[in-house]
Every structure is written in structure tokens, then in C-alpha cells.
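Here's the structure we're looking at; comments come further down.
Nothing in this text is a laboratory measurement; each read-out follows from the coordinates by a stated rule. A quick note: this is a predicted structure, and the numbers were derived from the prediction, not measured. Cβ placement follows ideal geometry from the backbone for every residue including glycine, while neighbour counts extend to all protein chains displayed.
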Amino acid sequence: MQKIPLSLAKPGMKLAKPITKANGMPIVAAGAELTESLLDRLDGMGIDKVFVVGDAVAASQNPSERVIRLDHLFRRLEGDPFQAQVKRYLREYFTIKAAADAAAAGSSEKG
């Protein structure tokens, strides 16, 4: 499961968690397959992130400099489970941010 920006969601991906309104009312159920029209509707509703099944944005696609430097920055904290968790969160954040930035740059070049 991975939380990704809606801009990186593609038709055919499946939701790992339901999408809900601010009051908790479900909009789309977990396990639903994303379609182009559903993505457009979610965008119109102001939904900016979704949880999808699998690893939609893999670190191997195009890791940013920040992702590459994490191993160096955390080298002395390898035995600390809390710091390992922080490193995982940062790796996921920077990976998704780099992918979102690349997608935004690609869409601006097309338009």
C-alpha cells in the first residue's frame, strides 16, 4: 500500500483504503479500480492524495538526490528502530515528491 498524490494515480490502480469526506462519509470503497472519469471527479472534489495497492511509485524509477543521501545521513543510526522508521518515512516522502515533481514537469512540457 502506498499513499500517492492524485496526480500520480492512473486508471487501473486499485484503492487500498476507502476515500472519505472530511466527516468520514465514504465516497469510494477500498478495492475500487480507478478510472479516468473517477480520477476527474476526485480532482473536482478536492481530493489530493489516495492510498493505492502495491508500490505505485518505486524508488528505482528515478531516485532524487535526497533519497540517495539518506543512507549516508543515517549511517550512524542503523541500530535505532525509531530512526529506521524515520528513514523509511523520509525515503517514501522524497520518492513520491520526486515522482510528483517529474509528473508536473512532464505535464507542463506537454501543455
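Tabulated data for the structure shown
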item: Neighbour-count ranking [beta-carbon atoms within 10 angstrom, fewest first] of 76, 88; result: 76, 88
item: Trypsin sites (Lys or Arg not before Pro) lying in DSSP loop within the stretch 1-38, provided at most 14 other Cβ fall within 10 Å; result: 21
item: GluC sites (Glu not before Pro) lying in DSSP loop within the stretch 1-87, provided at most 13 other Cβ fall within 10 Å; result: 78
item: Ranking of 91, 69 by count of other Cβ atoms within 10 Å, fewest first; result: 69, 91
item: Nearest-0.05 FRET efficiency for residue 75 and residue 43, computed from C-beta distance (R0 25 Å); result: 0.05
item: Pairs of Cα atoms farther than 13 Å apart, the stretch 1-41, %; result: 54 percent
